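Visitor: Below you'll find the structure I mean.
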Amino acid sequence: MKREFSMQYWWVLAALFLVSVLPNKVWAETVNYDLTIAQEKVTIEGLSADGMTVNGNIPGPTLRFREGDMARIHVHNRMAVATSIHWHGLLVPPNMDGVPYISFPPIEPGTTFTYELPIRQSGTYWYHSHTSLQEQRGVYGAIVIEPRHLPQRADSDHVILLSDWTTEDP
């Protein structure tokens with residue numbers, strides 16, 4: 001009887017140890033996004049100009065994660081020029097940073113690159129192109145990362161992303 005109790009006790013202690021020591025990766029989700037970057041005519045306040053959209057919009061979609069998640073983001077380049085995405089403020093592996101010819105090869109026209117980023121912090125950030133002046137043409141969007149250990153308290157939230165726009169060539 002005593003031996004049975006000690007084995008059960010050992011399993012409980014082992015389980016508690018694993019839960020408290022193992023990294024968030026055990027409970028992490030892989031969150032997938034597809035971002036398609038394309039050159040399109042856009043009209044802002046009645047004025048048309050050549051723009052670059054992410055999923056057909058300026059700004060691109062808000063990407064939402066939870067701290068500890070793995071982000072898998074497929075970027076499809078449907079433009080005639082190379083592009084990139086830089087994850088501004090995120091702690092990412094160097095080869096996923098999105099700075100072309102420095103830490104990352106650019107995404108060539110007609111190709112897809114998949115970024116895989118461990119989400120290691122919480123907060124509000126943004127993503128944008130680091131290629132030429134594509135950010136000024138519309139290749140940017142927001143990132144929201146919820147803390148892993150805090151329950152959500154708001155019924156809803158809204159992201160406000162400010163940017164300049166010009167119909168002139170940046």
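Visitor: In whole Å and largest first, what semi-axes does the C-alpha gyration tensor of region 23-170 yield when each eigenvalue is scaled by 5 and square-rooted?
Guide: Whole-Å semi-axes of the equivalent ellipsoid: 27, 19, 12.
Visitor: Averaged per residue, what accessible area in Å² does region 23-170 show with a 1.4 Å probe, protein chains only? It would help to have the intermediate numbers written out before the result.
Guide: Numbers: 8290 Å² over 148 residues.
I get 56 Å² per residue for this part.
Visitor: How large, in percent, is the carbon and sulfur part of the accessible surface of region 46-170 at a probe radius of 1.4 Å? Before the final figure, lay out each step's value.
Guide: Values: 3460 of 6600 Å².
Whole-percent figure for carbon plus sulfur exposure: 52.
Visitor: Something else now. Using only the alpha-carbon atoms of region 80-159, report the extent along each of the three principal axes, biggest first, to the nearest angstrom.
Guide: Computed over the Cα atoms, the extents are 44, 26, 19 Å.
Visitor: Could I ask something else about it? Which whole-Hz ³J(HN,Hα) couplings does region 137-144 yield from phi under the Karplus relation 6.51 cos²θ - 1.76 cosθ + 1.60, θ = phi - 60°, glycine and proline marked x?
Guide: Per-residue couplings from phi come out as 9, x, 8, 6, x, 9, 10, 10 Hz.
Visitor: In nanometres, what is the gap between the two model label sites at E40 and Q121, each 7 Å from Cα along Cα-to-Cβ?
Guide: If labels sit at E40 and Q121, their model points lie 3.2 nm apart.
The values are calculated or read from the model by the stated rules, or taken from the named source; none is laboratory data. Nothing here was measured: the structure is a model prediction, and the numbers come from that model. Positions of Cβ are generated from backbone atoms using ideal geometry, with glycine treated the same way; all protein chains shown enter the neighbour counts. Quick note on the areas: whole protein, heavy atoms, side chains included, nothing else; ligands and nucleic acids left out. Shrake-Rupley method; radii C 1.70, N 1.55, O 1.52, S 1.80 Å.
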